[in-house]
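The values are calculated or read from the model by the stated rules, or taken from the named source; none is laboratory data. Everything numeric here is computed off the predicted structure, so don't read it as measured data. Methodologically, a virtual Cβ is constructed for each residue, glycine included, from the backbone with ideal geometry; neighbour enumeration extends over all protein chains shown. Heads up: the accessible areas ignore ligands, DNA and RNA and are worked out on the full protein's heavy atoms, side chains in. Shrake-Rupley method; radii C 1.70, N 1.55, O 1.52, S 1.80 Å.
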Amino acid sequence: MFRTALRTVLAHKLRLLMTMLAVLLGVAFVAGTLVFTATMDKGLRDSSSKDYAGISVAVTTTGASARDADQGKRPDGVSDALLGRLGRLDGVASAQPVLTGFTGVADAKHNLIGGSSFGTYGGNYAPVGAGHTDPRYHFTSGAAPTGAGQVALDAKTAKDGGYRVGDTVDVAVTGPVMHEKLAGIFTTQDGNVASGGTLTLFDTATAQKLFLAPGLSGGVNLRAAPGTSQQQLLDRVNTAIKGQSGLEAKTAQQLIDDQAKQISAGMSTMNTIFLSFAGVALFVGIFLIANTFTMLVAQRTRELALLRAIGASRRQVTRSVLIEAVIVGVVSSVVGYLVGLGLSLGMRSLISSNGGNLPNNPLVITPTSVISALAVGIVITVLSAWLPARRAAKIPPVAAMSSSDAPPKQRSLIVRNAIGAFFVAVGGALIALGLHSSGSTGQKALTLGGGAAVGLVGIIVLTPLISRPVIGAFTPLLSMFGVSGRLAKRNSLRNPRRTAATATALMIGLTLMSALGVVVTSLKSGIAAAATDGIRADYSISNANFTPMDQSVVAKVKQVPGIAAASGTERADVTIDGKQPEVNAMDTTVLSQLFHVDRISGTVGALSPSQIAVSDKTAAKEHWRTGQSVTVKLPDGSSRQAVVSGTYKGGPGLPATMVDRTMLSGHTFKEPVERVFVKAAPGKAGSALKSDIKEALGNSPIVQVQTRDDLLNSFNTQIDQVLYMVYGLLGMSVVVAVIGVVNTMAMSVFERSREIGMLRAIGLDRRRVKRMVRLESLVISVFGALLGMGAGTFLAWAAGRLIKPSFATYAMKVPWSQYGIFFGAALVVGVLAALWPARRAARLNALEAIKSD
Amino acid sequence: MTTTQPPFATTGESSAAARATALTKVYGEGETRVVALDGIDVEFSRGQFTAIMGPSGSGKSTLMHCMAGLDAITSGSATIGDVELSRLKDKHLTRLRRDRIGFVFQSFNLVPTLTAIENITLTMDIAGRKPDSQWLDQIVDTVGLRDRLKHRPGQLSGGQQQRVACARALAGRPEIVFADEPTGNLDSRSGAEILSFLRESARSFGQTVVMVTHDAVAASYADRVLFLADGRLVDELVAPSADRVLERMKQFDGKGRTS
Ligand SMILES: Nc1ncnc2c1ncn2[C@@H]1O[C@H](COP(=O)(O)OP(=O)(O)OP(=O)(O)O)[C@@H](O)[C@H]1O
Ligand SMILES: [Mg+2]
């Protein structure tokens, strides 16, 4: 049996080529993902354990403490006194204070070195031990910074900036630019620097002042003396830091394990994302594979009937087809895995060449990745061939006697249509239920999503039925192409199942793409509305990575001529009557110049230190009324009485609760500013003012001055990047679908070679034979694209109904230009997919066709 | 004929619809070399219904294919009207077949997705010509398919399908119609219908018809019968009767038929 199957596969290898390619691509995608993430996981773990070399126990601040500091609370940390105590603990060889924070370095043109604000860090140089050096850094020129006004840079950053020891370097930590002297240039094993980040070193005292507070360090790295275990040291450290808020101690091993866990979690997220796209591609492949085996079985009706006639059982016939599928699956999966290895290498160099330095360790090939990738390929192939194999078994032995090998009678579509209609009905009902029920948003989303999925399955089942009217609608267009057009139309309706399966494969990718396109476009316009509706200011100033800025930025901006009003907004950690609504502090005397605020009651602008203004939503939620007295707990822990002075209509861009910054002054640590909003004097807004503001801030590399359009564009760019990446990943399934069209057209040409030969004999020229094939391919592609865009738009509409309640400015927008591109792409796909089949058809010899009588 | 037509070589004579002179066709080389046609001289006069007979492998189909521009000839010449085929490239050959030749094959004559009437007018559709509706009516009535015109080939019997094929072959008023065993797959009654139709088209409409057949009765419908053996024209009967054809065929049986 195996031998017969193998021989059949070999005999049909050209006809199986496209099927194999589809399985191969799917498996390669899966294998590439698995190998890439396994390799990255190993590489990152290795480099992370390097980061903890020479550390036994580390004391760190908890994550919550950093957030509190951004909201005006005094940060937690290790005081110099505690540092001293830790250093004197029994069994401690050295105790090194650790500080780290966002630090940008400017090049000569005032641009941030490293491009993006991610991975640009600053730290402290902390000499320890007998050698009085910091073992983490090795200086190649100059020396370590020893006081305020001095910095050291890692070698790559110094080179990128063109800086040499002794030069003045523009550095910024919290916004305003600092002109520092470059004391030294170093190399380091630091993971962040290794992966392309920049590192600026200060001496510990300066770093404390910049990143936390004088005399306070973010953490301590302790090295145990010989004879003291990590665990022993940890116990002693834990006793020493007992009662200190926001501090925790861990052994290096724990930290390595934590990091490993984090890396693995990140990798598994990545795995899930990529694998789900691979899943879509494989799902699309199912249609192609099923098509192929259906056609192969149909073409071999007589042969299979003969097998049955001479005594093969139904099960044997089924099995012989399935064995063929297994052979196809195994061959393409093995090749696919190898291609996947190449893919993961390619992925790494692609990321590396775009600036992300990834560890360069050898590929990690795990048994799991081999087994799962191969299993996926084989199972998909066999599953897809299962129905055709069952059908093969149903061929009656008498079929062998039939004199003509006319194509087998088409099975009726009645059952299929009934099933499809049922699915569509259930899906529609679920969607209606999800839209109109009064459950929680989560429940609604689930019902709606389920309904959409079921409805989509229904539509896929119904495609053969839909194909007739839709393709029928192309008739006027096709008849412009004369006989070729007419024949193409008839041919595409000839086997509705096959046309439908081929078009469906294309539809799936396009459904997802268009749904995503609509939702994202709508989100973008919603965000634009939100950003422009609430804000009246001309400029918004913020740190490139959105960490808070120093209060001094506000004062500097206010001095720029041509500015009418400016205020920083501060996120304040304030408790009002025991509740913690979002509270923003600002200069409320200029409130109406910077924001659109619709007052509902009382006073909203120019608040006194003992007044708060709340949005209508917050007022309703917390049952606060104008004139009501409330107790306010400030960031430093002190309390005061205040009055609800007024309410305003809440909206995008406006906080839930507003206080004047005078209420906070003296009660916050450092007064970190989130953003500074600036209104230009009448007629002054423009690029000149913008560069004046930048100038006033010393052209700080990390501060961005954005107009409203800049703000929108930066959102849009980020959203678009994600969108295009997802399009790219979905592109894989489109590629498989294109292979499917090629496959179908090649099969059709093969099946109809006699008919085409006859047409050639009676005078259809090569050009028009080609055109006939091309038009059929176009009809299928366009049909699939239209289905996909239709279904996608519908899905997006349903999703929009869910988004709307929690996003007031969301309004459905169809990205017509993108749809135009999709449609154009479908035309290109149709023409490209037909290239090879059309060429084959045109080369068919009229004589051969007639002679095979 | 439009001006885009190729410069057909003109022989000057145009009494014959088609003509072969020293037509030779050789397949393969060396060991597998087969001389399918060995210097054939033949003329098919206008309005004449010719049957070609001969043992299997004698070259009947090859002769037809060469005369119809479906197969390249090795040496000699073949002309349709006054056009020399051997000088034409594929593009012009295709146009020649389309405009000046009609075909009826043994089976698989029709495009399964087109209705009967669409099949009949297919050649003219390809040529972009409007069918002559009077002529079309006449043909449709002659083949007796008026009530079947909207049917697809799958809904027609074998005999009906062959009649549609005949109608298509004639619809474009070609110079010559070639039919290779057009009744080979039919029962005698259906076969008789086809043959009567071919004879009728020659007699009433002056259509030149060349038909390959193995059946003496079928051959007896023709105006003359040519006998082929081993790639050579060996005999000719004018106004044949089935008995005389059978008589002549028996002489070949002595040499042994291969099928
Ligand atoms: N493509 C080819 N390659 C090689 N030899 C061929 C080819 N086609 C035909 N022949 C040979 O040419 C000879 C004539 O074949 P042809 O098909 O013309 O015979 P025929 O008279 O039509 O026979 P039949 O009555 O069986 O149809 C035969 O010997 C055949 O083997
Ligand atoms: Mg023959």
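Here are the numbers:
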read-out	value
Mean Cα-pair separation over length for region B:136-259, i.e. relative contact order, pairs under 8 Å, 6 or more apart, %	18
GluC sites (Glu not before Pro) within region A:529-631, DSSP loop, no more than 14 other Cβ atoms inside 10 Å	A:E582
Accessible-area value, A:S48, 1.4 Å probe, nucleic acids and ligands omitted, Å²	10
Exposed trypsin sites (Lys or Arg not before Pro) absent: longest stretch of chain A, with sites in DSSP loops and at most 16 other Cβ within 10 Å deemed exposed	A:412-624
Segment A:N713-A:T168, extension gain: residue separation times 0.36 nm, minus the distance between their alpha carbons	192.8 nm
Complex-versus-alone comparison for region B:49-84, residues with a loss of 10 Å² or more in accessible area, probe 1.4 Å	B:H65, B:L70, B:D71
Farthest positive-ward along the protein assembly as shown dipole, Cα basis, beta-carbon charges - from A:Q721, A:A656, A:S806	A:S806
Per principal axis, descending, Cα span of region A:55-262 in whole Å	51, 40, 33
Taking the C-alpha atoms of region A:546-701, convex hull volume expressed per residue in Å³	114
Under 13 Å, Cβ to Cβ, from A:L712 - net charge with Lys/Arg +1 and Asp/Glu -1	-2
Residue mean of other protein chain beta carbons inside 10 Å, A:759-772	6
Descending semi-axes in whole angstrom, ellipsoid equivalent of the protein assembly as shown, from the Cα gyration tensor	84, 33, 27
Accessible area buried at the A-B interface, both sides summed, 1.4 Å probe (Å², nearest 100)	2300
Accessible surface, per residue, of region A:55-262 when the full set of protein chains is kept, probe 1.4 Å, Å²	45
Solvent-accessible heavy-atom area per residue, rounded to whole Å², over region B:1-149 at 1.4 Å	43
Label point at A:V415 placed 7 Å out along Cα→Cβ; residues across region A:306-329 whose backbone nitrogen lies under 17 Å	none
Two-site label geometry, A:F823 and B:T21: point separation in nm, points 7 Å out along Cα→Cβ	6.0
Per-residue mean of C-beta atoms belonging to partner chains within 10 Å, peptide B:172-179	1
Cα lying deepest toward the dipole's positive end in chain A, options A:S440, A:G149, A:G450, charges on Cβ	A:G450
Whole-number D in µm²/s for region A:601-685 (Stokes-Einstein; Kirkwood sum over Cα pairs; 10 °C, 1.306 mPa s)	112
Accessible area in the full protein assembly, largest first, 1.4 Å probe, for A:W836, A:W816, B:W135	A:W816, A:W836, B:W135
Where labels lie 7 Å past Cα in the beta-carbon direction, separation of A:A606 and A:L17 in nm	8.2
Computed lengthening from A:K209 to A:R767, 0.36 nm per intervening residue step minus Cα-Cα distance	193.0 nm
Shielding by partners, peptide A:484-496 (average Cβ within 10 angstrom, other chains)	2
Computed [θ] at 222 nm, helices only, for the protein assembly as shown once each DSSP H run of length n ≥ 4 contributes -39500 (n - 2.57)	-17000 deg cm²/dmol
Between helix A:441-473 and chain A: long-axis angle, C-alpha atoms, 0 to 90°, nearest 10	30
Sites B:Q251 and B:D230 - FRET efficiency at Förster radius 22 Å, r taken between beta-carbons, to 0.05	0.95
Accessible area (Å², 1.4 Å probe, nearest 10) - B:D41	90
Dipole magnitude of the protein assembly as shown, debye to nearest 20 (Cβ charges: Lys/Arg +1, Asp/Glu -1, about Cα centre)	2580
Whole-Å distance, taken between Cα centres, linking region B:156-227 and region A:535-554	93
Heavy-atom accessible surface of chain A: percent carbon and sulfur, 1.4 Å	61
